[in-house]
Amino acid sequence: MDRIDGMQSFVAVVESGSFTAAGQRLGISNKLVSKRVAQLENMVGLNLLHRTTRSMSLTHEGERYLEGARRVLAELEQLETEFDASEGLKGIVRVAAPLTYGDTAVAKAASRFVEQHPNVTVELDLSDHYADLAKGGFDIAIRIGALSDSSLVVRKLGETHMKVVATPSYLEEHGAPSHPAELSDHICIRDANNPDPNRWPFQIEGQTVQVPVSGPFLANSPPACLVPTRAGRGIFICPDVFLGDDLETGRLVQLFPEFHSRTLPIQSVQLPSAFRKPRVRAFVEFMREEIRA
């Protein structure tokens, strides 16, 4: 067995959490993954993993070896890329992204990226649920909002601003609120992704004020919340990256533009091993430039 194959299998097992998931990520059987890791352990003379019938964890030696293996694999890929500079970047970049944002901004950026780098394949997986990078074998996930997983490499690509919107028909029927405090008298569409769906934050006279809201529709997806909003059934506070041309065409009207709400970061997250791949770094930088443009 090639020692590099063993390192790749070992890193994949650790990052994906199981031999089965590692096999899916590498395109080989879980038995072959297990065999490669066992052979690697024999080569280095160390037990890298604690294995039981129900769990798997790194040994102390495995933790140290993991750092080195990631570094070696990243440097090998960097060397191969630089050695074959005539072909430029090559390989696959697997990207997870929110459904609607992925359909628009991420898909457009990916299309332009592969046009510039014809030897790179970008695979998009679009879902409004957070993807597990390791188990899914993703190089990058594009996420909107605050992040909690400190083990990932995070890069800010841009930001989106929360805007309060409604249709002209809703405002004609129910009246247009002139101040955020009046939202409690209106039907509000609530996004369960917000820290508190029942309270919307606004900067009023230099202070953050949490305005109570209520309504019969609650979803964990801005695009889903926009369905009843566009149908004239309520007021919604929405990240502007999901609004498309709603405001320009007059389909929706922005309320309280003078009262700032939240600004959310648009970020890429990666496993440490993926961050060192030249094609992944190039795609992240390309996305950053596309968003800021």
- line: Exception for His179 within (1) touching a Lys or Arg at 6+ places or on another chain (Cβ under 6 Å); (2) surrounded by fewer than 18 Cβ atoms within 10 Å (Cβ to Cβ) falls at (1)
- prompt: Which of the residues spanning segment 6-20 are at pLDDT below 85 and either more than 18 Å from Asp139 (Cβ to Cβ) or not in a loop (DSSP other than H, G, I, E, B) (or both)?
  reply: Glu15, Ser16
query: Going by the conditions given, is Leu66 under 18 Å from Val37 (Cβ atoms) and either touching a Phe, Trp or Tyr at 6+ places or on another chain (Cβ under 9 Å) or at pLDDT 90 or above (or both)?
result: yes
- line: So, first residue in a helix (DSSP H, G or I) in segment 57-77, second residue among the hydroxyl-bearing types (Ser, Thr, Tyr) and open to solvent by less than 60 Å² (accessible area, probe 1.4 Å), Cβ within less than 7 Å, six or more apart or across chains; the pairs are Arg70/Ser273; Leu73/Ser273; Ala74/Ser273
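Report whether or not Gly244 is at pLDDT below 95, more than 24 Å from Leu99 (Cβ to Cβ), open to solvent by less than 80 Å² (accessible area, probe 1.4 Å) and not hydroxyl-bearing (Ser, Thr, Tyr).
For Gly244, the condition - at pLDDT below 95, more than 24 Å from Leu99 (Cβ to Cβ), open to solvent by less than 80 Å² (accessible area, probe 1.4 Å) and not hydroxyl-bearing (Ser, Thr, Tyr) - is not met.
Applying the selection to segment 252-293, what residues are in a loop (DSSP other than H, G, I, E, B) and either open to solvent by less than 20 Å² (accessible area, probe 1.4 Å) or more than 14 Å from Lys163 (Cα to Cα) (or both)?
Leu252, Phe256, Ser261, Leu271, Arg276, Lys277, Ala293, listed by residue number.
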Inter-residue pairs, beta-carbon under 9 Å, first over 16 Å from Gly17 (Cα atoms) and in segment 131-148, second aromatic (Phe, Trp, Tyr) and outside any helix (DSSP H, G or I), 6+ apart: Ala141/Tyr130; Arg143/Tyr130
Subset tally (residues that are open to solvent by 60 Å² or more (accessible area, probe 1.4 Å), assigned to a strand (DSSP E or B) and closer than 30 Å to Ala192 by Cα) for segment 114-130: 3
query: Got a number for residues in segment 207-224 being outside any strand (DSSP E or B) and not aliphatic (A, V, I, L, M)?
result: 8
field: Out of Glu15, Glu63, sole residue that is surrounded by fewer than 20 Cβ atoms within 10 Å (Cβ to Cβ) and closer than 23 Å to Gln270 by Cβ
entry: Glu63
- prompt: Which residues, counting only those in segment 143-176, are open to solvent by less than 50 Å² (accessible area, probe 1.4 Å), at pLDDT 95 or above and either farther than 22 Å from Ser221 by Cα or hydroxyl-bearing (Ser, Thr, Tyr) (or both)?
  reply: Thr167, Tyr170, Leu171, Gly175
Residue selected from segment 36-60 under the condition among the small types (Gly, Ala, Ser) and over 30 Å from the mean Cα position of the chain (by Cα), by the criterion surrounded by the fewest Cβ atoms within 10 Å (Cβ to Cβ): Gly45
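The values are calculated or read from the model by the stated rules, or taken from the named source; none is laboratory data. None of the values given here were measured: they were computed from a predicted structure. Here the Cβ is made from the backbone with ideal geometry for all residues, glycine too, and neighbour counts use every protein chain on show. Remember, those area values only see protein heavy atoms, side chains included, never the ligands or the DNA or RNA. Shrake-Rupley method; radii C 1.70, N 1.55, O 1.52, S 1.80 Å.
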